[in-house]
């Protein structure tokens with residue numbers, strides 16, 4: 001659900017996993033993934049603003065895009081898998097290796113379930 005659209009990257013961002021256009025994409029598990037105003041800790045959504053800069057640096061994809069398809073998410077996952085997190089340049093929330101690993105684990109489970117991402121900001 002897109003609340004409103006603005007190009008200001010300082011705005012809040014929650015990233016919602018979707019099964020289809022009307023259902024949330026949900027997975028089981030516990031993840032140390034940041035939550036936000038409308039998001040949870042990875043089971044159906046996450047605080048995209050926290051991960052925006054590292055995701056864009058690694059994949060070239062912006063979490064602020066309205067929709068990121070499952071195929072795009074698969075390509076992003078490949079880049080996550082081939083990236084050495086110790087080489088990260090943009091990390092304003094001071095995420096550590098274990099934070100990144102849990103984010104990638106959550107991302108992988110959603111991608112394997114066929115989910116896609118929708119931004120909410």
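Some values worked out for this structure:
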read-out: Top-ranked residue of region 61-112 - restricted to ones that are outside any helix (DSSP H, G or I) and without any contact (Cβ under 8 Å) to a residue 12 or more places away in the chain, ranked as nearest to residue 14 (Cα to Cα); value: 62
read-out: Residue satisfying condition, being under 15 Å from residue 57 (Cα atoms), at pLDDT 95 or above and within 12 Å of the chain's Cα centre (by Cα), within set 85, 80, 107; value: 80
read-out: Hits in region 62-118 - residues which are surrounded by 16 or more Cβ atoms within 10 Å (Cβ to Cβ) and touching a strand residue (DSSP E or B) at 6+ places or on another chain (Cβ under 6 Å); value: 63, 64, 68, 70, 110, 115, 116, 117, 118
read-out: Of all residues making up region 22-50, the number that are touching a strand residue (DSSP E or B) at 6+ places or on another chain (Cβ under 7 Å), assigned to a loop (DSSP other than H, G, I, E, B), under 14 Å from residue 118 (Cβ atoms) and modelled with pLDDT of 95 or more; value: 2
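The values are calculated or read from the model by the stated rules, or taken from the named source; none is laboratory data. All values reported here derive from a predicted model rather than from experimental measurement. Every residue, glycine as well, gets a Cβ built from its backbone with ideal geometry; the counts of neighbours run over all protein chains shown.
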